[in-house]
Amino acid sequence: MAKYLLLKHYRGAPASVNDAPMDRWTPEEVSAHMQYMRDFAARLEAAGEFVDSQALSPEGVFVRSGGEGRPPVTDGPFAETKDLIAGWMVIDVETYERALELAAELSAAPGAGGRPVQEWLEVRPFLAPASAAAE
């Protein structure tokens with residue numbers, strides 16, 4: 001089994017087929033999208049392929065050390081994840097092909113007008129510990 005991170009992006013990825021921003025969806029459309037995500041996770045959990053998932057709030061701040069005895073520095077000149085990452089799901093599957101299959105299915109969550117969003121999801125494998133890679 002290998003773990004993969006499925007990243008949902010606000011922006012930074014190619015545009016979705018159904019590219020209406022979620023803040024313009026009706027409450028019913030948002031509810032249908034969230035229910036699809038819950039049902040998808042429940043099915044993966046039953047199959048032993050689900051690890052965790054989370055939708056992220058748009059609030060957040062970039063932080064770095066200001067140096068010894070100085071306060072943290074916030075909001076640098078870089079794009080912040082609050083502007084880029086909408087949520088994530090961690091899966092534990094047998095093959096890379098299975099990770100791609102699940103990402104494609106997750107991409108079909110309903111959006112505006114009840115039509116599939118067909119958003120681009122980033123699929124990232126977890127870095128294997130050095131000891132596991134050497135075996």
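What follows draws every value from the coordinates through simple rules; no lab data is involved. Because the structure is a prediction, the values reported are computed rather than measured. Positions of Cβ are backbone-derived with ideal geometry, glycine not excepted, and every protein chain shown enters the neighbour counts.
Using packing as a proxy for protection, rank 19-27, 42-50, 111-119 so that the peptide with the highest average count of other Cβ atoms within 10 Å comes first.
111-119, 42-50, 19-27
For Ala104 and Ala42, calculate 0.36 nm times their separation in residues minus their Cα-Cα distance, and state this gained length in nm to one decimal. Provide the component values of the computation, followed by the final result.
On the way: separation 62, 0.36 × 62 = 22.32 nm, distance 1.68 nm.
Extra length from Ala104 to Ala42 when fully extended: 20.6 nm.
Using the alpha carbon gyration tensor of region 1-53, what are the three equivalent-ellipsoid semi-axes (square root of 5 times each eigenvalue), largest first, in whole Å? Write down the numbers at each step before the final one.
Working: eigenvalues 119, 54, 11 Å².
After diagonalising the Cα gyration tensor, the semi-axes are 24, 16, 7 Å.
Between Glu97 and Met1, 0.36 nm times their residue separation minus their Cα-Cα distance comes to what?
Separation in residues times 0.36 nm, less the Cα-Cα distance, equals 33.3 nm.
Which length gain, in nm to one decimal place, applies between Arg124 and Val17 when the Cα-Cα distance is subtracted from 0.36 nm times their residue separation?
Taking Arg124 through Val17 to full extension adds about 36.3 nm, to one decimal.
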